[in-house]
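Colleague: Input: one structure, supplied below.
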Amino acid sequence: MRTFLIRSLSLVLFTTAGFVYAQSASEVDPMLGADNGGNVFVGPTLPYGMAKPGPDYGDNQANSGWDAKGNLNGFSQLHVSGTGGGAKYGNILVQPMMGAADPAHSSAPRVDEHAEVGYYSVKLGGSGIHAEVTTARRTPVYRFTYPANGQRTLLVDVGHLLMKLHDTPHRYPEGQVVYSTDVEVLSPTEIAGMQASVMGWNIQTTPMRVYFYLRTDTPAVTSGTWEDGKPVKAGARAASYKMPFTMSTLPEPPAPIVSTGAYLTFAPGAKPVMVKVGVSFVSIEQAKRNAMTEVAGFDFDGTRKAVVAAWNKELSTVKIGGGTPDERQQFATGLYHSMLMPVDRTGENPLWKSATPYYDDFYCIWDTFRSSTPLLTLLHQDRVTAILQSLLEIQDHDGFFLDGRSGNFAGRTQGGSNAEMMFTDAFVKRVPGLDWERVYRAMVHDADVESTASIRFGRGDLDDWKKLGYLSIEHSDPAGGPDRPGSRSMEYAANDYAVALMAKGLHHEADAKKYMARAENWKKLWYADAVDHTEGGDVKGFIWMRHADGRWKEDFDPHLVGTWYQDNFYEASTWTYSLYVPQDVRGLIKIAGGEADFKKRLDLFFAGGEANRYRYDVGNEPGFLSPYLYNWIGAQSSSAKTIRAILPADYHTGPAGLPGNDDSGAMGSFLVFNQMGFFPVAAQDVYLIGSPTFPRSSITLANGKTFSIVAENTSPENVYIARATWNGKPYTRSWFTHDQLMAGGVLKLTMTGKPTRWDTGAPPPSMSDR
C-alpha cells in the first residue's frame with residue numbers, strides 16, 4: 001500500500017506539472033509584503049485603480065496605511081503601495097464607533113483581520129463592530145455591522161493624512177501637511193467636502209485637492225461637525241480649517257495633526273449600515289457622479305465580484321504549471337503588485353482637459369523601468385501605450401519628463417531621466433499608438449536642456465555632463481554642493497544610450513553618433529587604482545566620484561552607500577554601480593580586466609553574508625540585472641545558480657515576504673520574471689535566460705500568439721541548464737530577442753543538478769559590438 005501511494009503521489013505531481021493554469025485572484029495574498037518595509041497596500045482596489053480604501057493603523061506614519069502594530073484609526077480612501085520615504089495620501093478617513101461622536105477616542109484594537117483581492121475586513125475590539133470594504137474604480141463601498149443595541153456613529157475625518165513625525169536628514173521635509181479642509185452635512189444620509197494638502201515625499205508645493213461625496217443607506221437621527229481642537233458641535237452643518245502658515249514658513253515635522261470633520265449617528269438596529277464614498281480630484285459634483293454611477297445603490301457584493309472579475313481578466317494572460325503552493329502564491333501576488341501603480345486617473349485630471357489617458361502615482365520610474373514596464377509590455381501592451389501617452393502629455397505641460405509624480409505634481413527625480421528608458425523600451429519593441437518623432441523631440445529636449453527644477457523632472461547639471469563627461473562633486477546640485485554625482489552620472493550614460501537607439505531607429509544618424517559617444521561617459525568615472533581588499537582577494541577598479549578639476553574624491557570607500565545631497569551614490573555602493581552599464585557590458589568586462597577577473601568580481605558581489613551586504617542588496621533596483629551578467633562571459637550556469645539562491649533567500653509568503661520596499665511593484669515584477677526563467681535588459685530588445693522555478697509558464701501575447709518556457713526536471717536541486725531547444729531546434733544562446741518572443745513558440749530547457757557550458761553561442765549584444 002505504501003509503495004502504491006508513493007507512486008500515485010509521484011504521478012499526481014508529474015501530471016500537474018504538465019498542465020498550466022491561468023493566474024487568478026484566488027492565488028493572491030494582498031498581505032504578502034505588507035510588513036518588514038515592503039509597505040504594500042492591503043485594501044481592495046482595481047487594476048491601476050484610483051480608489052484604494054484601506055485601514056490606517058498606529059501612529060499614521062506607515063506609507064500604505066497598514067502597520068503591524070497599533071490600533072485601527074479608520075479607513076482612508078487613497079493610498080500608495082510599496083513606497084518608502086515620507087508617506088503620501090491617507091485622505092478622508094471614515095471610522096465607525098458606538099455611542100456619541102468622540103473623534104479623539106475612536107481608535108480601536110483590531111480583531112480577525114482578513115484581506116483578499118477586492119475585500120478587506122476587520123472587527124473593532126471593544127465595540128464588536130465588523131467593518132468590511134470593497135471598491136469600484138473611484139468609489140469605495142463599506143458595510144459596517146454594529147451591535148444591535150446602542151447608538152451607531154460614523155465619523156468622517158476630513159483632516160486626516162498619513163504623516164511623518166520625524167523628518168529624514170534631507171534638505172526638504174517629507175511630511176504631508178494639511179493645507180485646508182471643508183466639510184458639510186448635506187442631509188441625514190449625505191456628507192461632502194474637500195481636503196487640500198501639500199508636501200509629502202514628492203515635496204508638493206501646489207495643494208492637492210481631494211473631493212468626496214459620502215452617502216449612506218440609513219438616515220441619521222443626529223449629526224454634527226467638529227473643528228480642530230474644539231468640541232463636537234451637535235447639529236452643526238459645516239466645518240473648515242485653513243493652514244495658519246505660508247508655504248515659506250511650513251513647520252518642520254511633525255506638522256500639526258488636524259482633525260476636522262462631520263459625523264452621522266444612527267438609531268440602534270441590527271441591519272448593517274451601508275456607505276459609499278465617491279472620490280474625485282476635480283470637484284464635489286464629480287465625486288457625487290462617481291458614487292452614483294459606479295455603484296448601483298449600495299451593492300457591496302456585486303461591487304466586490306466586479307473587482308475580482310477585473311483582476312482575473314488582468315492576471316489571466318500568464319499561466320504557470322507546477323511549483324509549490326507558496327511559489328504560486330508569490331508569483332500571482334507579484335503580478336498583482338505590478339498592476340497597482342501607476343494609477344489610471346483618466347477623467348480626473350484637475351490641471352487640464354484632454355482626451356488622452358491620464359495616469360498619476362509614478363512612484364518612481366527609477367524603480368519600475370527595469371522590470372515592471374517590460375513585464376506590462378508583454379502582458380498588456382495597450383496599457384503601456386496609455387501610460388506612455390499620458391507621460392508624453394504631462395511632458396508637454398511640465399516641459400520635461402518626470403521620474404516621480406503623485407498628487408498631480410511631479411517629483412522627485414531619483415537618478416537620471418529614466419522615462420527615456422521606458423520610451424525606448426517601447427520603441428524597440430514596436431509598441432503601437434505613439435508618435436515616435438514627437439517622443440524623440442521630447443527625449444532630446446530632456447537630454448540637452450537644463451531642467452528648471454531637476455528635483456522634479458528632467459536632468460540637472462548638464463553643463464558638467466557635456467563638458468566633463470560626468471557630474472562633478474561641486475556642481476552636481478543646482479542649489480550648490482553635491483547630490484549623488486556617482487549614480488546620476490551612470491544613469492545619464494544609460495539614458496543617452498536609450499536616446500541614441502531611438503535616434504538610430506528614426507534615422508537621425510548624427511544624433512545617434514552624438515548620444516552613443518555620451519553613453520561611453522561612464523568610463524570617465526572608472527577609478528582604475530581603487531581597491532577593495534575582500535575575503536577573496538583584492539578587487540581593483542571601481543566607479544568613483546570626481547571633482548570638477550578631475551581629482552578623485554578622497555579616501556576611496558567601497559562600503560559607502562548614500563542618499564540625497566551627498567557626494568556619493570544613491571541607495572547602493574560602488575560595487576553595484578560599477579556593474580551598472582547595461583548599454584555596454586562587453587566594454588565593462590574589458591575595463592574590469594577581462595572575463596576571468598569579471599567572474600571573480602561577480603562571485604564576490606554575490607558572496608552573501610551580512611558583512612558583504614554593502615556589495616549586493618536585492619532590495620534595491622540598480623542591481624536587478626547583475627545576476628545575469630555572467631551570461632556575457634559564457635557562464636550562464638553561474639547566473640542560474642545565483643538567481644535560484646536569491647529567490648528563496650529573499651522572497652517568502654506572509655506579511656514579511658519581500659526583501660524591502662515593493663516600490664510600486666518593482667520587487668514583484670523582478671520575482672515574476674525570474675520565476676518564469678528570463679529577464680529583460682530595459683530599453684533594449686533583449687531578454688536573458690535564467691533558471692525557471694516552474695516546470696512550465698506561458699504568456700498570451702498581444703498578437704494572439706503564445707510564448708512558453710518549459711523547464712524539464714526543474715527543482716531546488718536542478719537549477720542548471722543542460723541543453724536548450726527553441727521550437728524543437730537546438731538553441732545555444734543565453735538570450736533571445738523580443739521579436740523571437742513575439743513570434744511565439746516554446747523555449748525548452750532541460751535542467752540538471754550540475755553546472756554545464758551549454759551557452760556556446762554568441763553572447764548578448766553590447767554597445768561595443770557596434
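The values are calculated or read from the model by the stated rules, or taken from the named source; none is laboratory data. Since this is a predicted model, take the numbers as computed values, not measurements. Cβ placement follows ideal geometry from the backbone for every residue including glycine, while neighbour counts extend to all protein chains displayed. For the accessible areas, the whole protein counts, side chains as well, though only heavy atoms, and no ligand, DNA or RNA atoms are used. Shrake-Rupley method; radii C 1.70, N 1.55, O 1.52, S 1.80 Å.
Colleague: Looking at GLY150 and the list (1) in contact with a Lys or Arg (Cβ under 8 Å, 6 or more places away or on another chain); (2) at positive phi; (3) open to solvent by 10 Å² or more (accessible area, probe 1.4 Å); (4) not charged (D, E, K, R), which single condition is not satisfied?
Modeller: So the condition that GLY150 fails would be (1).
Colleague: Within the stretch 529-548, can you find the residues that are free of Cβ contacts under 8 Å to residues at least 60 places away in the same chain and either of a type outside the set (D, E, K, R) or closer than 22 Å to TYR497 by Cα (or both)?
Modeller: Listed by number, the residues that qualify are ALA530, VAL531, HIS533, GLY541, PHE542, ILE543, TRP544.
Colleague: In the list GLY321, GLY334, GLY278, which residue meets the criterion of being under 23 Å from the mean Cα position of the chain (by Cα), at pLDDT 95 or above and on the phi < 0 side of the Ramachandran plot?
Modeller: After applying the criteria, what remains is GLY334.
Colleague: From the set of residues in the stretch 197-223 that are touching a strand residue (DSSP E or B) at 6+ places or on another chain (Cβ under 6 Å) and aromatic (Phe, Trp, Tyr), which is farthest from GLY404 (Cα to Cα)?
Modeller: Looking at the filtered set, the residue picked out is TYR213.
Colleague: Within the stretch 558-576, identify whether any single residue is touching an Asp or Glu at 6+ places or on another chain (Cβ under 6 Å) and either open to solvent by less than 20 Å² (accessible area, probe 1.4 Å) or modelled with pLDDT of 95 or more (or both), and answer yes or no.
Modeller: yes
Colleague: A follow-up question, please. Inspect the stretch 63-70 for any residue being assigned to a strand (DSSP E or B) and either modelled with pLDDT of 95 or more or among the hydrophobic types (A, V, I, L, M, F, W, C) (or both) and give the result as yes or no.
Modeller: From the stretch 63-70, those assigned to a strand (DSSP E or B) are none; that's our starting set.
Checked the stretch 63-70: no residue is assigned to a strand (DSSP E or B) and either modelled with pLDDT of 95 or more or among the hydrophobic types (A, V, I, L, M, F, W, C) (or both).
Colleague: Follow-up question, since we're still on this one. Assess whether LEU250 counts as being surrounded by fewer than 23 Cβ atoms within 10 Å (Cβ to Cβ) and without any contact (Cβ under 8 Å) to a residue 60 or more places away in the chain.
Modeller: No; evaluated as a whole, the condition is false for this residue.
Colleague: I'd like the full set of residues that are touching a Lys or Arg at 6+ places or on another chain (Cβ under 9 Å) and open to solvent by 20 Å² or more (accessible area, probe 1.4 Å), limited to the stretch 221-230.
Modeller: SER223, GLU227
Colleague: Scan the stretch 33-53 for residues that are more than 24 Å from TYR651 (Cβ to Cβ) and open to solvent by 10 Å² or more (accessible area, probe 1.4 Å) and jot them down.
Modeller: The answer is LEU46, and nothing else.
Colleague: Six or more apart or on different chains, Cβ under 7 Å: which pairs go from a residue in the stretch 627-650 that's under 11 Å from ASN674 (Cα atoms) to one that's hydrophobic (A, V, I, L, M, F, W, C) and modelled with pLDDT under 95? Could you list them?
Modeller: Pairs found: ILE646/VAL618.
Colleague: Consider the stretch 621-650. How many of its residues are open to solvent by 10 Å² or more (accessible area, probe 1.4 Å), outside any helix (DSSP H, G or I) and not aliphatic (A, V, I, L, M)?
Modeller: Qualifying residue count, the stretch 621-650: 1.
Colleague: If a residue has to be without any contact (Cβ under 8 Å) to a residue 40 or more places away in the chain, assigned to a loop (DSSP other than H, G, I, E, B) and either more than 17 Å from PHE678 (Cβ to Cβ) or within 30 Å of the chain's Cα centre (by Cα) (or both) to count, how many in the stretch 715-761 make the cut?
Modeller: Residues in the stretch 715-761 being without any contact (Cβ under 8 Å) to a residue 40 or more places away in the chain, assigned to a loop (DSSP other than H, G, I, E, B) and either more than 17 Å from PHE678 (Cβ to Cβ) or within 30 Å of the chain's Cα centre (by Cα) (or both): 7 in total.
Colleague: Determine which member of the set VAL431, VAL384 is among the β-branched types (Val, Ile, Thr), within 22 Å of GLY704 (Cβ to Cβ), assigned to a loop (DSSP other than H, G, I, E, B) and in contact (Cβ under 8 Å) with a residue 24 or more places away in the chain.
Modeller: VAL431
Colleague: Right, something else. Which one of the conditions (1) open to solvent by 20 Å² or more (accessible area, probe 1.4 Å); (2) farther than 29 Å from ARG209 by Cβ does VAL384 fail to meet, given that it meets all the rest?
Modeller: Of the numbered conditions (1) open to solvent by 20 Å² or more (accessible area, probe 1.4 Å); (2) farther than 29 Å from ARG209 by Cβ, the odd one out for VAL384 is (1).
Colleague: Looking at ALA498, ALA510, ALA517, which is the one that is surrounded by 24 or more Cβ atoms within 10 Å (Cβ to Cβ), assigned to a helix (DSSP H, G or I) and of a type in the set (A, V, I, L, M)?
Modeller: The match here is ALA498.
Colleague: Is it the case, given these coordinates, that ALA683 is touching an Asp or Glu at 6+ places or on another chain (Cβ under 9 Å), part of a strand (DSSP E or B) and crowded, with 18+ Cβ neighbours inside 10 Å? First the steps, then the outcome.
Modeller: Numbers: touching an Asp or Glu at 6+ places or on another chain (Cβ under 9 Å): yes; part of a strand (DSSP E or B): no; crowded, with 18+ Cβ neighbours inside 10 Å: yes.
No: the conditions fail for ALA683.
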